[in-house]
Amino acid sequence: MFYFKRAIGSLFIRLCLFVFVGVCLAPVLWGLVTSCLPQSALTSKVPDFNLRNFTLENYVLVLDSSRGLFLGLKNSFLVALFTSIVALTFGSAAGYALARLNVPKSNTILMMILATQMFPGIVIAIPLFLAMTQFNLIDTHVGLIIVYLSFILPIVVWIQKGFFESIPMDLEKSAAVDGASPLQTFQYIVLPVSLPTLFATGVFAFIESWNEFFFAIIMTRVNVKVSSIAIAEFSGQYQTLYGQMLASAVLASLPIVVLAILFRKFILEGFVEGAVKA
C-alpha cells in the first residue's frame, strides 16, 4: 500500500511538471510556428497551418529589412553587457559593504535602496527624461545604461548582500589574521567563493536589460534603437506584420537562449549554493 501511494504521488508530481512545462513552452512553440507562416495564413479567419504554407520568407525579409534589427541587436548587446558589468561591480561591492562592514545607518541605506523599487516606472519616466535631456544623454548608450542601472543595481545589491551574509565569517577572520585588508579580503577571498552567484546575478541583469522596452522607447530615438523597439516597429498604424514580428522575436531570443545554455552550470550552482548556505 505504501509503495502504491508513493507511485501515485510520483506520477502526480510528474504530471504537474509536464503540465507546467507545456504551459511555459506553448507560447514559444506558437511563436516558432507562426514565424514560418505567411501573412495571408496568419490573418485568415482561421489560421491556415497547411504544411505547404510553411516558409522562411519572414526570416529572409527580416534579415534584409531596413528596420534595423541588426542594429537593434547590437545596441541591446552593448547596453546589456555594460549594464551587467557595472551593476555587478558596484552591486557586489555595495552588497559586501552592507553585509560585512560597519557602515553607518546601513539599515536606512537598505530601506532607501528598496524604496526605489516601489515606484512604478511611469512615475519616474518624465523626471528621468528631463534629467537625461539636461545632460544630453537622450538617445545615447551611456544614458540608457544609467537608466537601466537605476532599477537593476538595487536588485543586484540585495541579492549579493544576502549571499555575502551567508558566507562563513571564519574565512574572512582567517584573512584578517594574516593581515589582509577588507578590500583584499573581498577581492581574494569573497569574490572567488561567490563566482557562481555572480554569474547567476550577471545573467539576470543581462536578461533584464535585454528585454527592457518601456524606458528604451522613451530614452532613445534612432541611434540607440534596441531590439525590443525594432520588433515593435513591425506593428504599424494600418497593418501589423505578424510573421516578420515573430521572426524578429525569435532571432532576438537566440542570444538569451545561448547565454542560458552556455552558463547553465554556473546559474544552477549559484542558485543551489545560495539556497544551501542560506
Requested in this report: Select, from ALA26, ALA97, ALA93, the only residue that is among the aliphatic types (A, V, I, L, M), part of a helix (DSSP H, G or I) and either closer than 21 Å to SER209 by Cβ or in contact with a helix residue (DSSP H, G or I) (Cβ under 6 Å, 6 or more places away or on another chain) (or both).
Outcome: ALA93
Query raised in the report: within 18 Å of GLU212 (Cα to Cα), under 20 Å from the mean Cα position of the chain (by Cα), at pLDDT 85 or above and not aromatic (Phe, Trp, Tyr): does that describe LEU144?
Result: yes
Report task. Count, please, the residues in the stretch 41-90 that happen to be touching a His at 6+ places or on another chain (Cβ under 9 Å) and surrounded by 18 or more Cβ atoms within 10 Å (Cβ to Cβ). Result -> 2
Query raised in the report: Does the stretch 160-171 contain at least one residue that is of a type outside the set (Lys, Arg), in contact (Cβ under 8 Å) with a residue 12 or more places away in the chain and within 25 Å of LEU254 (Cα to Cα)?
Result: no
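The values are calculated or read from the model by the stated rules, or taken from the named source; none is laboratory data. Model, not experiment: these values are computed from the prediction. Here Cβ is always computed from backbone atoms with ideal geometry, including for glycine, and neighbour counts include all displayed protein chains.
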